[in-house]
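Engineer: Structure in structure tokens, see below.
The values are calculated or read from the model by the stated rules, or taken from the named source; none is laboratory data. Remember, it's a predicted structure, so these values are computed and weren't measured experimentally. All Cβ positions, glycine included, derive from the backbone under ideal geometry; neighbour counts span all protein chains shown.
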Amino acid sequence: MKSATTFLLVFLLLPTVLLAQFEQVIQGPGYASAVYVDLQGGTSSAVSHTSWDIAFNVGGRSSGILVNEGVASSQANPLLQVELYAGSATDFSTADTNQVVQRLYNGEGSWDDGGFNAIADPGNPFDLGWGTYSPATQTVFGSCVFFVATRDGAYHKVFVESLAGGVYTFIHGPLGGSTSDTVSIDKADFVGKTLAYFSFDDGVLDLEPDNWDLLFTRYVTPLPDGEGNILDYTVTGVLQNKDVSVAKLSGVDPETAVAPADEAAFSDSLATIGYDWKSFDLSTFQWSVPDDLVYFVQTPDSLYRMQFIDFEGSSTGVSTFRLSTEQTTATTTLPVGIDQSRIYPNPAPDQVTLEVSARQPAEDLRLEVIDPAGRTLTASRVRALNTGLNQIDVPLTDLPAGHYFVRLSGSTGVLTHHLIKQ
């Protein structure tokens, strides 16, 4: 973290970092909760994984239905989780587990990529998995019965009858039971939310906070088992809300890396941040977080720089990250102790001159040339800055044409100039 005397100088409509600070998200021992994080408000809201069983996407044209894949971690005994199965039955009254076809999982593409949608025919745009869309009536009609195993080991039959006029209607009931219940979920009751939740014990639930950007949670993802097979593992990671996109940069200096200018570098995929910003070292039995990884999180309101610092694992469920807001500015902010500074010529062929007018002397400074990804390409020592005007030559001979940053750091603060190499 930068000290109070460290500043950043950037010229001409370049991204600048504002007030980086450390944030912590606490999921609790065993990652018992999912935590919704509002980056702008600086708030978080925890919801127990056991609060719900299935969820419905309540976006305007959405039809995703998800199963709850969150489950607390336990080293003693594996904990039961909610499981979703596709069935071959179309008749709710006679359906039973003898008709189970396969277990289903949520996808990681979008909040419409739910487990109930997983059996959709990708070649048929009207097949939504749990039902088929009718252009004539603008209604989705249910097409098959699903089975949901809850944490108490009980099985429930679920048949989503329709999605019409923004209202989901579904039937559910116990296996072998003579009773059933019809439930309606109206999207109009959840304006501004992403999901409406349902518990077989507690009914329809509104669990989301009004504003959130990231969800720290547990979910299932396919991973190689090291023996040539792909297995479905439950991981602890970060998913992003609708209208949030993320760019991931690795092998960079997280403090100086520049947010990509190309919108294509930002992904809407739910798990762009995901789980692999951390790793477990089997030799030390400790979690580690790489120091050359940074995420740029674009919300409808702001662009954020996010760097994970620490992960404590299942003992506390604490994730620590450094967060700062990016903005565009045409103003110049000089560090304490510097009256003026410029770099010339710019664009430059083989060498530029960094000119610094210092208010006070400084010794043992570091001079770097950095690429737009934040990687240091050249580094050298500047023995001293004298009071008054100083001129420092910066060679560029070995650099290809392109955009770079020249950074001078020391006790006076940090100066960063944008440079174009011809």
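Engineer: Looking at 46, 34, 120 in this structure, which one is within 18 Å of residue 161 (Cβ to Cβ) and either free of Cβ contacts under 8 Å to residues at least 40 places away in the same chain or within 18 Å of the chain's Cα centre (by Cα) (or both)?
Structural biologist: Values: 46 fails: within 18 Å of residue 161 (Cβ to Cβ); 34 fails: within 18 Å of residue 161 (Cβ to Cβ).
Checking each option against the conditions leaves just 120.
Yes/no matrix, rows are residues, columns are (1) of a type in the set (Gly, Ala, Ser); (2) touching a strand residue (DSSP E or B) at 6+ places or on another chain (Cβ under 6 Å):
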site	(1), (2)
32	yes, no
40	no, no
73	yes, no
79	no, no
84	no, yes
89	yes, no
96	no, no
109	yes, no
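Engineer: State which residue pairs qualify: first residue without any contact (Cβ under 8 Å) to a residue 40 or more places away in the chain and in the same structural domain as residue 250 (by the TED database) and inside the range 293-312, second residue of a type in the set (D, E, K, R) and not in a strand (DSSP E or B) in any location, beta carbons under 8 Å apart, and separation of 6 or more residues or different chains.
Structural biologist: 308/278; 311/278
Engineer: Moving to a separate point now. When the residues of the range 132-142 are filtered to those that are closer than 13 Å to residue 62 by Cα and in contact with a Phe, Trp or Tyr (Cβ under 9 Å, 6 or more places away or on another chain), which remaining residue is surrounded by the fewest Cβ atoms within 10 Å (Cβ to Cβ)?
Structural biologist: Result: 139.
Engineer: Name the one entry in 176, 226, 192 that is modelled with pLDDT under 95 and either crowded, with 16+ Cβ neighbours inside 10 Å or within 23 Å of residue 130 (Cβ to Cβ) (or both).
Structural biologist: Matching residue, one of 176, 226, 192: 176.
Engineer: Further, regarding this structure: From the list 393, 398, 364, which residue is closer than 23 Å to residue 256 by Cα, at pLDDT below 90 and outside any loop (DSSP other than H, G, I, E, B)? Outline the logic, then answer.
Structural biologist: Values: 393 fails: at pLDDT below 90; 398 fails: outside any loop (DSSP other than H, G, I, E, B).
Of the residues listed, the single one that is closer than 23 Å to residue 256 by Cα, at pLDDT below 90 and outside any loop (DSSP other than H, G, I, E, B) is 364.
Engineer: Quick one: which of 140, 148 is over 30 Å from residue 46 (Cβ atoms), touching a residue at least 40 places away in the same chain (Cβ under 8 Å) and touching a Leu at 6+ places or on another chain (Cβ under 6 Å)?
Structural biologist: When all the criteria are applied, what remains is 140.
Engineer: OK, next. Filter the range 152-171 for residues that are in a loop (DSSP other than H, G, I, E, B) and at pLDDT 95 or above; which is farthest from the chain's Cα centre (by Cα)?
Structural biologist: This residue is 165.
Engineer: Also: Would you mention how many residues in the range 172-186 are in a loop (DSSP other than H, G, I, E, B) and either within 20 Å of residue 105 (Cβ to Cβ) or free of Cβ contacts under 8 Å to residues at least 24 places away in the same chain (or both)?
Structural biologist: 3
Engineer: Could I ask something else about it? Within the range 49-81, track down each residue that is in contact (Cβ under 8 Å) with a residue 12 or more places away in the chain, small (Gly, Ala, Ser) and not in a strand (DSSP E or B).
Structural biologist: Matches in the range 49-81: 51, 59, 60, 62, 63, 64, 70, 72, 73, 74.
Engineer: Residues of the range 82-97 being of a type in the set (Gly, Ala, Ser) and either over 38 Å from the mean Cα position of the chain (by Cα) or assigned to a loop (DSSP other than H, G, I, E, B) (or both), which ones?
Structural biologist: 88, 89, 93, 95
Engineer: Another question about this same structure. Which strands (runs of 3 or more DSSP E) sit wholly inside the range 187-257 and have at least 1 residues that are without any contact (Cβ under 8 Å) to a residue 60 or more places away in the chain and touching a strand residue (DSSP E or B) at 6+ places or on another chain (Cβ under 6 Å)?
Structural biologist: 203-205, 214-224, 230-240, 245-250
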